[in-house]
Amino acid sequence: MVDSFDAATPLATQLDEELRLARELRGVRFESPAQTRVITVSNQKGGVGKTTTAVNVAAALASGGLKVLLVDNDPQGNASTALGIEHHSGTPSVYDVIVNETPLSEIVRPCPDVDNLYCAPATIDLSGAEIELVSMVARETRLKTAIDNYVAASDYDYVLIDCPPSLGLLTINAFVAAREVLIPIQCEYYALEGLSQLLKNVNLIRAHLNGDLHVSTILLTMYDKRTNLSQQVADDVRAHFPEQTLRTPIPRSVRISEAPSFGQTVITYDRNSAGSLAYRSAAREIAERGAKENGNG
Ligand SMILES: Nc1ncnc2c1ncn2[C@@H]1O[C@H](COP(=O)(O)OP(=O)(O)OP(=O)(O)O)[C@@H](O)[C@H]1O
Ligand SMILES: [Mg+2]
């Protein structure tokens, strides 16, 4: 096999590319934004890579030296699992923050494998919050109040919020708490379907509840450069959202999908795998944009 290795084959090109990126990203430190950036990772479509994106971008930013909080705002608790954070029913969690007004400082835990990365875990209890919230005062702003109070007394660079695949009160709380929306788009069938609904919802929130909210970032996920379909979806998304779409797509990768079963992000599980490099590169783009905003004022 090695004898017949041909530098012109796509595999060899890909390995070269990965090696180059690994060198380029080695030891890179990201610049802090002027203010804490609060970003919600949202898409009401299920299984598009929201949680995978939230945990891996968070871990990549932290491994670039920034202090990062990941708020798991999904009763499934997948982000908590991926960060190796305990979240059985009854664990102090985002449920307590939203429903009982427990301060975030009482529930936030450090991620065992990544320095500077912290997690506000979600438990299955959070599934009841959607209903409990309906009759509560300030039901749309409870997460915002908690995050604002916590961030004011700490030195976080980034707060990322992982949302459930629905537009209930939990997602609305995330839209009100954040300034920015990061939308992962899966490079497969019907990717753009539902996107206009999502954008309408963001506009509604901006009009009524949070004038600062905007879609700052779109990330193409589960990209397979060998298929025309992936290419088409990517071209379409870039044509519609040239400013927001990150240059780096996230490839389909087995390493990415198996990392959570080890309670890890792909950044710690296999740091120089293609999937990890892609998330580190995407995180670098996100951080560079934040730093540019510093320059503008
Ligand atoms: N780049 C990738 N390569 C391979 N598998 C991936 C990739 N990104 C995500 N996956 C897998 O796809 C599935 C869905 O991903 P994920 O849980 O991140 O989506 P989600 O949008 O958070 O889902 P939900 O809507 O249920 O919250 C998971 O099994 C995950 O491991
Ligand atoms: Mg999820």
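Here are some notes:
- Residues in region 150-169 that are over 22 Å from His208 (Cα atoms) and assigned to a helix (DSSP H, G or I): Tyr150, Val151, Ala152.
- Of all residues in region 275-287 being in contact (Cβ under 8 Å) with a residue 60 or more places away in the chain and surrounded by fewer than 22 Cβ atoms within 10 Å (Cβ to Cβ), the one that is farthest from ligand 1 (Cβ to nearest atom): Arg284
- Subset of region 170-196 [farther than 18 Å from Asn56 by Cβ and outside any helix (DSSP H, G or I)]: Ala178, Arg179, Glu188, Tyr189, Tyr190, Ala191, Leu192, Glu193, Gly194
- Qualifying residues in region 198-221 (those that are among the polar types (S, T, N, Q) and assigned to a strand (DSSP E or B)) - the one surrounded by the fewest Cβ atoms within 10 Å (Cβ to Cβ): Ser216
- Residue list for region 120-143, filter: in a helix (DSSP H, G or I), more than 14 Å from Asn100 (Cβ to Cβ) and touching a residue at least 40 places away in the same chain (Cβ under 8 Å): Ser127, Glu130
- Within region 26-49, residues that are farther than 18 Å from Ala174 by Cα have Cβ atoms under 8 Å from residues that are among the hydroxyl-bearing types (Ser, Thr, Tyr) and away from ligand 1 (no atom under 16 Å from the Cβ) in these pairs: Pro33/Tyr158, counting only partners at least 6 apart in sequence or on another chain.
- Filter result (under 18 Å from Ala62 (Cβ atoms) and either in contact with a Pro (Cβ under 6 Å, 6 or more places away or on another chain) or buried (at least 23 other Cβ atoms within 10 Å of the Cβ) (or both)) within region 105-153: Cys111, Val114, Leu117, Tyr118, Cys119, Ala120, Pro121, Ile147
- Close pairs from region 183-196: first under 12 Å from Leu220 (Cβ atoms), partner of a type in the set (Ser, Thr, Tyr) and surrounded by 13 or more Cβ atoms within 10 Å (Cβ to Cβ), Cβ under 6 Å, at least 6 apart: Pro184/Thr53; Pro184/Thr221; Gln186/Thr221; Cys187/Tyr223; Cys187/Ser230
- For region 1-28, residues that are loosely packed, with under 11 Cβ neighbours inside 10 Å, at pLDDT 85 or above and of a type in the set (Gly, Ala, Ser) total 1.
For every residue, the table says whether it meets (1) in contact (Cβ under 8 Å) with a residue 40 or more places away in the chain; (2) surrounded by fewer than 21 Cβ atoms within 10 Å (Cβ to Cβ); (3) over 24 Å from Asn78 (Cα atoms); (4) within 16 Å of ligand 2 (Cβ to nearest atom).
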site: Tyr223; (1), (2), (3), (4): no, no, no, no
site: Val233; (1), (2), (3), (4): yes, no, yes, no
site: Arg238; (1), (2), (3), (4): no, yes, yes, no
site: Glu243; (1), (2), (3), (4): no, yes, yes, no
site: Phe262; (1), (2), (3), (4): no, yes, no, no
site: Tyr269; (1), (2), (3), (4): no, no, no, no
site: Asn272; (1), (2), (3), (4): yes, yes, no, no
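- Within region 10-88, helices (runs of 4 or more DSSP H) holding 3 or more residues that are within 14 Å of ligand 2 (Cβ to nearest atom) and aliphatic (A, V, I, L, M): 50-63
- Applying the condition of being in a loop (DSSP other than H, G, I, E, B) and touching a Gly at 6+ places or on another chain (Cβ under 8 Å) to region 227-259 and asking which residue is farthest from Tyr190 (Cα to Cα) yields Ser253.
- Every condition in (1) under 19 Å from the mean Cα position of the chain (by Cα); (2) more than 16 Å from ligand 1 (Cβ to nearest atom) is met by Val181 except one, and the failing one is (2).
- A single member of Leu160, Leu169, Leu192, Leu204 is modelled with pLDDT of 95 or more and farther than 19 Å from Ala138 by Cβ, and it is Leu160.
Here is a yes/no grid of residues against (1) at positive phi; (2) modelled with pLDDT of 95 or more; (3) surrounded by fewer than 21 Cβ atoms within 10 Å (Cβ to Cβ); (4) not hydrophobic (A, V, I, L, M, F, W, C):
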site: Arg37; (1), (2), (3), (4): no, yes, no, yes
site: Ser42; (1), (2), (3), (4): no, yes, no, yes
site: Gly46; (1), (2), (3), (4): no, no, yes, yes
site: Thr52; (1), (2), (3), (4): no, yes, no, yes
site: Gly65; (1), (2), (3), (4): yes, yes, yes, yes
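The values are calculated or read from the model by the stated rules, or taken from the named source; none is laboratory data. These figures come from a predicted structure and were not determined experimentally. Neighbour counts run over all protein chains shown; Cβ positions are idealised from the backbone, glycine included.
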